[in-house]
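The values are calculated or read from the model by the stated rules, or taken from the named source; none is laboratory data. None of these values were measured; they are calculated from a predicted model. So basically every Cβ, Gly included, is an ideal-geometry build from the backbone, and we count neighbours across all protein chains shown. All accessible areas refer to the heavy atoms of the entire protein, side chains included, with ligands and DNA or RNA removed. Shrake-Rupley method; radii C 1.70, N 1.55, O 1.52, S 1.80 Å.
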Amino acid sequence: MDLSIIIPVYNVENVIHRCLDALKSQTLSDVEYIFVDDCCKDSTVEVIKRSFESLDRSKSYKIIHHEYN
């Protein structure tokens, strides 16, 4: 990877789409997105997964889940 971008997330289901839209518009081809889930209680993680998998970019992101907040 040329670049890794780390994005912490916690209960941002209603606004995460703004971040995802900005990430998808990046022009670099060898970028890895690492989302750090701090025990979200909403569906933020599912929104992230659907967004990347719908673009067939499922290998360009990772989600790290914390055990507790």
**Message:** Out of the chymotrypsin sites (Phe, Trp or Tyr not before Pro) in region 1-42, which ones are loop residues according to DSSP with at most 16 other C-beta atoms within 10 Å?
**Reply:** 10
**Item:** In nm, spacing of pseudo-spin labels at residue 67 and residue 13 (7 Å Cα→C-beta vector)
**Value:** 2.6
**Message:** Take the chain, mark every one of the GluC sites (Glu not before Pro) that falls in a DSSP loop and has at most 16 other Cβ within 10 Å, then report the longest stretch left between them, sites excluded.
**Reply:** 14-66
**Item:** Per DSSP, loop trypsin sites (Lys or Arg not before Pro) in region 26-69 with at most 12 further Cβ within 10 Å
**Value:** 41
**Message:** Keeping every protein chain present and rolling a 1.4 Å probe, give me the accessible area per residue for the chain in Å².
**Reply:** 69
**Prompt:** In deg cm²/dmol and to the nearest 500, what is the mean residue ellipticity at 222 nm of the chain if only DSSP H runs of at least 4 residues count, each as -39500 (n - 2.57), divided by the residue total?
**Reply:** -8500 deg cm²/dmol
